[in-house]
Amino acid sequence: MQYADLLIENHGKVVVIRLNRPKAMNALNDNMMNELGDALYKFDADPSVNVIVLTGSEKVFAAGADIAAMANYTYADTYPGNYIGRNWEHILNVRKPVIGVVAGYALGGGCELAMMCDMLIAADSAKFGQPEIKVGVTPGAGGTQRLPRTIGKYKAMDMLLTCRMIDAAEAERNGLVSRVFPADKVMEEALAIANSIAGMSVSVAMAIKDSVNRAFETTLTEGVRYERRYFHAGFGTEAQKEGMSAFLEKRAPNFEGK
Ligand code: CAA
């Protein structure tokens, strides 16, 4: 599969999508976001893939929306043209786990795209920020919504109003990233995590992802009821039979095809 602004790597049941516009700090433009949507849908539908990793380079995850591309946009280009909505949020429709791996900058739309992933793994070189105010706009891909839900109102306001970047250690303290690793080890560690998830039942992983995301959209009682449906339905699956028999027989489970 060939893309102009993405690199694709296969690692068993894990596929790595790399944002790749090195000359523009991986600034997110229409072509890249169209390609990203295309790749995400393809891998989500591919039975040989269980987990998707989204990353950038060692230097930058993404430095935000492409300022050069949008600088002369008018209201007609943005609202009727559905800027952002037209191609940035395909990732939210992906049903398999998507692990974001951030090394270097994840700024503005780059931080927002990272926050659309299901888990975030950071290199110790990572820097997260929402500097949109400095270029005269509000965030436009969920920064004012996902950031406070993740790190709380006061930390979020600090980042959004002052443009202060936070490093990987602070991001981990604030709950913005799942785990931090040294930059030279981060991909190896992220792939080990992705492969361990890919070795589980893909349908259970999908149900867990769906249930966790439901937690942000509903009340606690409704959310627990939603989870319970998946739990009960699980008893009609081969994954449950295999997982529980393997435990009782003191052997490793084999979730292949389950
Ligand atoms: N859009 C377009 N081009 C960008 C870019 C962006 N967001 N970020 C960096 N670039 C380009 C630079 O223009 C530069 O290009 P040239 O070599 O052609 O001049 C190249 O990438 C390298 O960048 P710098 O020379 O600035 O590199 P640096 O190491 O000195 O700084 C940086 C790196 C801190 C990331 C800095 O580039 C920066 O602050 N970038 C902009 C960050 C930003 O404001 N992001 C928010 C964008 S708005 C948004 O995202 C809206 C939304 O919510 C959807």
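The values are calculated or read from the model by the stated rules, or taken from the named source; none is laboratory data. Only a predicted model underlies this, so the values are computations on that prediction, with no experimental measurement involved. In this analysis, Cβ positions are derived from the backbone assuming ideal geometry, glycine residues included, and neighbour counts consider all displayed protein chains. What goes into the accessible areas is simple: the full protein's heavy atoms, side chains included, and nothing from ligands, DNA or RNA. Shrake-Rupley method; radii C 1.70, N 1.55, O 1.52, S 1.80 Å.
Quick notes on this one:
- Residue within the stretch 131-148 that is near the ligand (Cβ under 8 Å from one of its atoms) and in contact with a Ser or Thr (Cβ under 7 Å, 6 or more places away or on another chain) present: yes
- In the condition set (1) open to solvent by 50 Å² or more (accessible area, probe 1.4 Å); (2) of a type in the set (A, V, I, L, M); (3) outside any helix (DSSP H, G or I); (4) touching a residue at least 12 places away in the same chain (Cβ under 8 Å), Ala252 is compliant with all but (4).
- Members of the stretch 85-114 that are out of contact with any strand residue (DSSP E or B) (no Cβ under 8 Å at 6 or more places or on another chain), within 13 Å of the ligand (Cβ to nearest atom) and not small (Gly, Ala, Ser): Arg86, Asn87, Glu89, Glu112
- Selection count, the stretch 131-175, where residues are surrounded by fewer than 19 Cβ atoms within 10 Å (Cβ to Cβ) and among the aliphatic types (A, V, I, L, M): 7
- When Ala62, Ala76 are screened for being more than 21 Å from Asn195 (Cβ to Cβ), touching a Leu at 6+ places or on another chain (Cβ under 8 Å) and either in the same structural domain as Gly143 (by TED's automatic domain parsing) or in contact (Cβ under 8 Å) with a residue 60 or more places away in the chain (or both), only Ala62 passes.
- When restricted to residues that are over 9 Å from Val186 (Cβ atoms) and outside any strand (DSSP E or B), the stretch 120-136 contains 7.
- Subset tally (residues that are among the polar types (S, T, N, Q) and touching a residue at least 12 places away in the same chain (Cβ under 8 Å)) for the stretch 79-107: 2
- Taking every residue in the stretch 227-239 that is within 13 Å of Met206 (Cα to Cα) and pairing it with any residue that is in a loop (DSSP other than H, G, I, E, B) and open to solvent by less than 90 Å² (accessible area, probe 1.4 Å), at least 6 positions away or on another chain, the pairs with Cβ-Cβ distances below 7 Å are Ala239/Ser201; Ala239/Phe255; Ala239/Lys258.
- The number of residues in the stretch 117-130 being within 12 Å of the ligand (Cβ to nearest atom) and either among the hydroxyl-bearing types (Ser, Thr, Tyr) or open to solvent by 10 Å² or more (accessible area, probe 1.4 Å) (or both) comes to 1.
- Checking every residue in the stretch 86-109 against the condition of being more than 30 Å from Glu256 (Cβ to Cβ), open to solvent by 60 Å² or more (accessible area, probe 1.4 Å) and in a helix (DSSP H, G or I) gives zero matches.
- Meets criteria (small (Gly, Ala, Ser), within 16 Å of the ligand (Cβ to nearest atom) and within 29 Å of Asn50 (Cβ to Cβ)) for Ala71: no
- 3 or more residues at negative phi, at pLDDT below 95 and among the acidic types (Asp, Glu): qualifying helices (runs of 4 or more DSSP H) within the stretch 153-229: none
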